[in-house]
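Have a look at the structure below before the remarks.
The values are calculated or read from the model by the stated rules, or taken from the named source; none is laboratory data. Here the structure is a predicted model, which means the values were calculated and not measured.
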Amino acid sequence: MRGLHQPWAPFALVEPEVLLAMVVVLPIASASASLLAVFAALRTGLHARLALADLGGAAAMLGLPFLLTMEMGQQVRPMLGVAFVVLLGLRLGPTACLLIAGRLRSPLFAFLIALAAYGALVVWTAASAAFQGDQPHYLLAAERLARGSLDLGPAYVSDALFRHLT
């Protein structure tokens, strides 16, 4: 994890929340997808099919470190968001397709797939929601008012607080 914050790495500029979603939450969701695929294979007898689908999704996950080292300019969050959703779909898709096709009839599997998908998406949504437009300026003004001052000058002297909000 220490290597993720080296200043020479292009992804060192990505916010910690985004890195948390990509480096911690997505692999956890991926591992839960593998466990669901194993249990689904045991219940349906589709061992080879689910093993190949799970292997394909796991192979796609191997591209995640390369994706994090790509130079994406200003489009970091949208590109990582698309990758996050695609990888999540690749990992949870095969077991979800069994539910949809009716080959796996289990409310528990439906619940666990939804929990893994929505749990990961909740973390990504929180990580990817940057403040837009005038919102950081309003938040700086509110912060100064909370400290009992109407002077916004000190809030803009150091851009650390502004950068934290954007």
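Here the stretch 29-88 is the region considered, the condition is being outside any helix (DSSP H, G or I) and at pLDDT below 80, and the residue that is farthest from the chain's Cα centre (by Cα) is GLU71. Within the set ALA127, ALA155, ALA110, the sole residue that is at negative phi and at pLDDT 75 or above turns out to be ALA110. Of all positions in the stretch 140-151, none carries a residue that is under 20 Å from the mean Cα position of the chain (by Cα) and either modelled with pLDDT under 80 or closer than 25 Å to LEU35 by Cα (or both).
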